[in-house]
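Beneath this line is the structure, given in structure tokens, with notes to follow.
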Amino acid sequence: MIKALEIAITHFSRPGAPVILPTPAYMPFLAVPGFLGREIIQVQMRDNAGFFTLDLDAICDAFHAGGHLLIFCNPYNPLGRVFTQEEMAQLTDVVDSAGGRVFADEIHGPLVYRGMRHIPYAATSDTAASHTLTATSASKAWNLPGLKCAQVILTNETDQKRWEQMEFFASHGASNPGVVANIAAYRHGEAWLDEVVGYLDDSRRLLADLLSHHLPRVLYRPPDGTYLAWLNCTAMSLPDSPGALVVDRAHVTVVDGPAFGTGGAGAFRFNFATPQPILATMVEHIAAALNHS
């Protein structure tokens, strides 16, 4: 996925242009542009009691300020949103009006819960397809991390020609085990995935029950997709880095909110993809640490 973003920035965005990044954002997205000599324009998501939406006006301003490539994560890591077709149509209008590009990270696309549907951004319209590179992998949904075989999906002829000109550079770094594992997951892993998503669906609801009992002041909206929970602790009058307290005192590994950029202070990301008895124990330990801080 990181290699795909690197290619999108260096070969499919305007040279030297800042990268536009909605935040809180997946941590590497805050680092990669800088390594490539690009500035980042952070655009904080709108937060309505834990329901996050894109700030389209601010994204428009970011394009006018010189940004060219927007990173769009759907399902959204770390906030768990799965965006609707209407939301993506509105985003398409903003991007198209500015002559911008979109890097669509859809790696969590298979991990969507009942009542929600993941629609690839580039599939929403010909206009969206014309300015998008989509990146995905089986690594999240089928638990195949580290095998180095993300896929980039091209949806317009211009990008396809540019990709062909890159030749060896475009695929360099993919591993043979990763290729085999991704093919196996896509061809034969549907039944396994259905079982996993069902279990995670129960777990995200169990987490809500556990938090209401042990940490009632923590704001949590069960995610539409992913196995990641965004836990807002601002009502508890804790430091801006509650995740550091959780790691140090509860000995539970989480990612602290400030690591996700603007809008992350006072919250942390929690991975609930674990056996449910262990999930219950983790929440109990976190509650013991935060309730006595």
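For region 83-96, 3J(HN,Hα) computed residue by residue from phi via the Karplus equation (6.51, -1.76, 1.60; θ = phi - 60°) reads 7, 7, 4, 5, 4, 5, 5, 5, 5, 4, 4, 5, 5, 5 Hz, glycine and proline entered as x. The residue among HIS251, MET116, ALA191 whose Cα reaches farthest toward the positive pole of the charge dipole of the chain, with charges on the beta-carbon of Lys, Arg, Asp and Glu, is HIS251.
Our coupling estimate for region 139-155, obtained by passing each phi through the Karplus curve with A = 6.51, B = -1.76, C = 1.60 and θ = phi - 60°, is 5, 7, 5, 10, 6, 10, x, x, 8, 6, 8, 6, 10, 10, 10, 9, 10 Hz, Gly and Pro reported as x. Rounded to the nearest 10 degrees, the inclination of helix 190-214 to the longest alpha-carbon principal axis of the chain is 40 degrees. Based on the alpha-carbon gyration tensor of region 1-135 and its eigenvalue square roots a ≥ b ≥ c, which shape applies: rounded if a/c is under 1.5, prolate if not and a/b is larger than b/c, or oblate? The shape class here is rounded. For the chain, modelled as a GNM whose springs connect Cα atoms under 10 angstrom apart, the maximal fluctuation among PRO120, PRO242, PRO275 occurs at PRO275.
Lysines within cross-link reach of LYS161: Cα-Cα under 26 Å, excluding same-chain residues under 8 positions apart? Those lysines meeting the cut-off are LYS3, LYS148. Seen against the Cα atoms of the chain and their longest principal axis, helix 176-188 is set at about 70 degrees. Is region 200-245 best put as rounded, prolate or oblate by its Cα gyration tensor, with a ≥ b ≥ c the root eigenvalues, rounded for a/c under 1.5, and otherwise prolate when a/b is larger than b/c, oblate when not? Since a/c reaches 1.5 and a/b is larger than b/c, the shape of region 200-245 is classed as prolate. Which shape class applies to the chain: rounded if a/c is under 1.5, otherwise prolate when a/b exceeds b/c and oblate if not, where a ≥ b ≥ c are the square roots of the Cα gyration tensor eigenvalues? Note, shape of the chain comes out prolate. Placing +1 on each Lys and Arg Cβ and -1 on each Asp and Glu Cβ, with no other charges, gives the chain a dipole about its Cα centre of roughly 460 debye. Per residue, the average separation of C-alpha pairs within less than 8 Å and at least 6 apart gives the chain a relative contact order of 18 percent. Across region 158-200, counting alpha-carbon atoms alone, Rg and Dmax equal 15.8, 44 Å.
With θ taken as phi - 60° and the Karplus curve 6.51 cos²θ - 1.76 cosθ + 1.60 applied, the whole-hertz 3J(HN,Hα) list for region 249-258 is 9, 8, 6, 10, 7, 9, 10, 5, x, x Hz, x standing for glycine and proline. Electrostatic bookkeeping for MET27 treats Lys and Arg as +1 and Asp and Glu as -1; over the other residues with beta carbon under 12 Å from its beta carbon, the sum is 0.
By the equivalent-ellipsoid construction on the alpha carbon gyration tensor, region 227-293 comes out with semi-axes of 18, 14, 9 Å, ordered largest to smallest.
Can you give the local net charge around PRO120? Use residues other than it whose beta-carbon is closer than 14 angstrom to its beta-carbon, Lys and Arg +1, Asp and Glu -1. Around PRO120, the charge tally is -3. Taking the Cβ of GLY257 as the centre, find all other residues whose Cβ is under 10 Å away and add up their charges (Lys, Arg: +1; Asp, Glu: -1). Net charge in that neighbourhood comes out at -1.
Where a number appears in this text, it was derived from the coordinates with a stated rule and is not lab data. All figures in this text were calculated on a predicted structure; none of them were measured in a lab. Neighbour counts run over all protein chains shown; Cβ positions are idealised from the backbone, glycine included.
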